[in-house]
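> Supplied in C-alpha cells, the structure appears directly below.
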Amino acid sequence: MTVVSHYAGPLLTRPAAEALLTAWAGGLDAWTGSLDLGRSIDSATLQAETWSWKGRAYPYPGKLKDRTIYYWDGDEFAAVSRFSGSLIKLVPTEWGAPTFEIDGIKMLPTSKESPVDDARRKVALVEPRGKSVLDTCGGLGYFAACCLEAGVARIQSFEKNPDVLWLRTLNPWSPDPEAPASGGRLHLTHADVSQAITQIADASVDALLHDPPRFGIAGELYSQAFYDQLARVLRRGGRMFHYTGSPNKLTSDRDVPREVAKRLEKAGFKAQLALDGVLATRR
C-alpha cells in the first residue's frame, strides 16, 4: 500500500506564528516568511479577521506550543501528532527539516546538522547513482530523498508504522512518490520489511540502507536471520550502510556497532565501522 499525496497547506511553528501575528498587530498588509518549514519563502496577505496564503484564507492562530508543528485540518490548526499506543509527533529543528519523536524519544540526529545533511553523508557511502536501492525502514524518507537527489535508478522503501507514513504526508521535506520530482523512481510500501524481504529476488538489489529503530524496539531487524536475508537480496560487491548509533555503551559493556559488524560478517559481508553505524560490502 502506498501513502496518499502530500498536504499542501501551511505549516506553523510557534516562531512563524508569532512573526505572522506581530506583522498583523503592526498594521502590515503582508508578511513574508516560510510556511513550509524552510523549504521556501513566500508571502501571506493579512486582513482584519483572516490571513491568506496561496489563494486560501485562514484564521489567525491562537497560542502555539514550542517543539510542535501545526497543520490546517479543515477546522483549526492542529498539532502534527497522533496517539495510537505511542505518541508520535513531527518536531521542528533549527535546520528546517523536522525530526520525529515516539514517546518523547527523538528518532533522528539533529544536534549538529540537519537530518537531511546527516542522511546525505550516509547515503553517499553506498553511491546510489544509477542503482536499485532497498531502503528497509523508510521513516520520514530522508534516505530516499537523498537517493533521488543523487540520481538513483529505483528505490524501494518500506515503512511499518502507519503513523510515520501519515507524518510523511505532512512533511514537505519527505519525498512524495507521486510527485514529478520522484520520476516514478520511489516505491514506498506500508509493510514490515522483516517479512516483506522474503518476497524480494536473490541478488536483485545494488545497494542497501538499513536504519532500524533501536534494538529494544525492533530486535528482529538486528537478527542473524534478517542479515542473512539482506545478504541474499544484495548483489556481490553491493554496499550497505547500517545505522546503529551507540546504544547502551555508557550503561553496559555492549558495543552494538561491533556486534552488528560480527553478525554481518557471518552473513557474508565485509564490515567496517563508519560514521554512526556500519558500512558493509557483500562478498
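> For every other residue with a beta carbon closer than 15 angstrom to the beta carbon of Thr22, add +1 if it is Lys or Arg and -1 if Asp or Glu, then tell me the sum.
So the surrounding residues net to 0.
> In the chain, once you exclude exposed GluC sites (Glu not before Pro) (DSSP loop, at most 12 other Cβ within 10 angstrom), what's the longest stretch remaining?
Free of exposed loop sites, the longest segment is 95-283.
> With a 1.4 Å probe and all protein chains left in place, how much of the accessible area of region 201-242 comes from carbon and sulfur atoms, in whole percent?
51
> Shifting gears a bit: Only four residue types carry charge here, +1 at the Cβ of Lys and Arg and -1 at the Cβ of Asp and Glu. Report the dipole size of region 76-222 about the Cα centre in Debye, rounded to the nearest 20.
Dipole magnitude for region 76-222 comes out near 160 debye.
> Still on this structure: Do any trypsin sites (Lys or Arg not before Pro) in region 106-142 lie in a DSSP loop with no more than 12 other beta carbon atoms within 10 Å, and if so, which?
The qualifying sites are Lys112.
> Right, here's the next one. How much FRET efficiency would the formula 1/(1 + (r/R0)^6) give for Glu18 and Ala181, where r is the Cβ-Cβ distance and R0 is 30 Å, rounded to 0.05?
0.40
> Can you give the Rg/Rh ratio of region 68-217, where Rg is from the C-alpha atoms and Rh is the Kirkwood radius?
Using Cα coordinates only, the ratio equals 0.96.
> Hey, another quick one. For a quick check: with amide H placed at 1.01 Å from N, whose amide H comes under 5 Å from Phe100's, ignoring anything fewer than 5 positions away on the same chain?
Answer set, sorted by chain and number: Val91, Met107, Leu108.
> While we're here: Each label point is 7 Å from the Cα along the Cα-to-Cβ direction; what then is the distance between the points at Lys270 and Arg254, in nm?
In this crude spin-label approximation the distance works out to 3.0 nm.
> Local charge sum around Ala78 (other residues, Cβ-Cβ under 15 Å, Lys/Arg +1, Asp/Glu -1)?
Result for the neighbourhood of Ala78: +1.
> Sticking with this one: Just to confirm a number: summing +1 for Lys and Arg and -1 for Asp and Glu over residues other than Gly130 whose beta-carbon lies under 15 angstrom from that of Gly130, what do you get?
Summing Lys and Arg as +1 and Asp and Glu as -1 gives +3.
> Next question. Over the chain, average the accessible area per residue using a 1.4 Å probe and give it in Å², no decimals.
47
> Related question: Just name one of Thr45, Ala25, Tyr71: the one whose Cα is farthest towards the positive end of the charge dipole of region 25-86 (beta-carbon charges, Lys/Arg +1, Asp/Glu -1).
The residue sitting most towards the positive pole is Tyr71.
> Note the full-extension length gain between Lys262 and Lys106 as 0.36 nm times their separation in residues minus their Cα-Cα distance, in nm to one decimal.
Gain on stretching Lys262 to Lys106: 53.4 nm.
> Would you mind listing how long region 200-283 runs along its three principal axes, going by Cα atoms, in whole Å with the largest first?
Its Cα atoms span 40, 22, 19 Å along the three principal axes.
> Another question, if that's okay. Evaluate the distance, in nm, between pseudo-label points positioned 7 Å from the Cα of Glu113 and of Ala57 along their respective Cα→Cβ axes.
4.6
The values are calculated or read from the model by the stated rules, or taken from the named source; none is laboratory data. Quick caveat, the model's predicted, so the values are computed rather than measured. Reconstructed Cβ throughout: ideal geometry from the backbone, glycine too, with neighbour counts over all protein chains shown. Areas reflect the complete protein model, heavy atoms only, side chains present, ligands, DNA and RNA absent. Shrake-Rupley method; radii C 1.70, N 1.55, O 1.52, S 1.80 Å.
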